[in-house]
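The values are calculated or read from the model by the stated rules, or taken from the named source; none is laboratory data. Predicted model, so just to flag it, every value in this text is computed and none were measured. Please note: Cβ atoms are built from the backbone with ideal geometry, for glycine as well, and neighbour counts cover all protein chains shown. Protein only, heavy atoms only, side chains kept; ligands, DNA and RNA dropped before computing areas. Shrake-Rupley method; radii C 1.70, N 1.55, O 1.52, S 1.80 Å.
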Amino acid sequence: MAGSPDHLFNLRNNFYLGSYQAAINNSDLPNLSPDDAVERDCLVYRSYIAFGSYQLVINEIDSSAATPLQAVKLLALYLSNPHDKESTISSLKEWLADPAIGNNPILRLIAGIIFTHEEGYNEALKHTNAGGTMELHALNVQIFIKMHRSDYAERQLRVMQQIDEDHTLTQLANAWLNLAVGGSKIQEAYLIFQDFSEKYPMTGLILNGKAVCCMHMGNFDEAETLLLEALNKDTGCKGS
């Protein structure tokens, strides 16, 4: 909305770039609308999931919580118990089939993440392909890259660029696609991660991105340095 401040901008950015501790530490934001408060809580709990703190998320989100939070809890359940993932996936499918909540963007995003984990890319796309949020578009780019369909990934990226070319997720998706295409595009990907490293605190995600670019370009010494630095910053991230 024009003139309306985006209270969650920094929190989202921290999450997207892998600054999970910063996302958690700086989440006490005043004057949030009820919808923004739910989105804030989703980002914080997804940050805990990235740390592998599944049980904390499972314990804190109760059955009266809003649908997006229930979806995040489902992701924590899925990742925490790989031996019983069938029941989690069954619950997920049940919710997706419910007309009252099935189109919720966070539920669709979590469905996309879980089905992508399962390598069920077509199943994931059933729920993510319609887009609706920048995160859904970015996940679509990742799914198409995994399917070796950089042509479809590029279409999704163009949609993101039309919405907001400077958005962190647009820039990240651009870097992922450049890496997938390879060749002269690797340098472009490197410059995107370099730009992130100059604008924001360094994270494992940024360092790993730069390191992959360096390996593609044959700069193995720089890649090793970056990977060692990333290891030192490693937070035991398990998912998002």
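Things worth noting here:
- Residue with peak Gaussian network fluctuation, the chain [Cα springs, cutoff 10 Å], from 12, 158, 40: 158
- Computed label-point distance, nm, for sites residue 228 and residue 184 using a 7 Å Cα→Cβ extension: 3.5 nm
- Descending semi-axes in Å of region 8-130, equivalent ellipsoid built from Cα gyration tensor: 23, 16, 14
- Rg in Å to one decimal, and Dmax rounded to a whole Å, for region 115-201 via C-alpha atoms: 12.9, 38
- In angstrom, the C-alpha Rg and Dmax of region 182-239 are 11.2, 33.
- Loop trypsin sites (Lys or Arg not before Pro), region 179-213 (other Cβ atoms within 10 Å of the site Cβ: 11 or fewer; DSSP): none
- Residue pairs, from the table 146/210; 73/210; 93/126; 185/233; 73/93, whose Cα atoms sit over 22 Å apart: 73/210; 185/233
- Rg to Rh, two decimals, where region 70-168 supplies the alpha carbon set and Rh follows Kirkwood: 0.99
- Per residue, in Å², the accessible surface of the chain once ligands and nucleic acids are set aside, probe 1.4 Å: 51 Å²
- Taking N as its residue count, the alpha carbon Rg of the chain over 2.2 N^0.38 Å: 1.01
- Computed helical MRE - 222 nm, the chain, DSSP H runs ≥ 4 contributing -39500 (n - 2.57), nearest 500: -22000 deg cm²/dmol
- Between residue 83 and residue 220, the FRET efficiency estimated from the beta carbon spacing at R0 = 22 angstrom works out to 0.05.
- Environment charge of residue 86, counting only residues whose C-beta is closer than 11 Å and scoring Lys/Arg +1, Asp/Glu -1: 0
- ³J(HN,Hα), Karplus 6.51/-1.76/1.60, whole Hz, each residue of region 76-84, x for Gly, Pro: 4, 4, 4, 6, 7, 9, x, 7, 10
- Here region 140-186 and region 20-80 have alpha carbon centers that stand 27 Å from each other.
- Once the Cα atoms are used to define both axes, helix 220-233 deviates from the longest principal axis of the chain by about 30 degrees.
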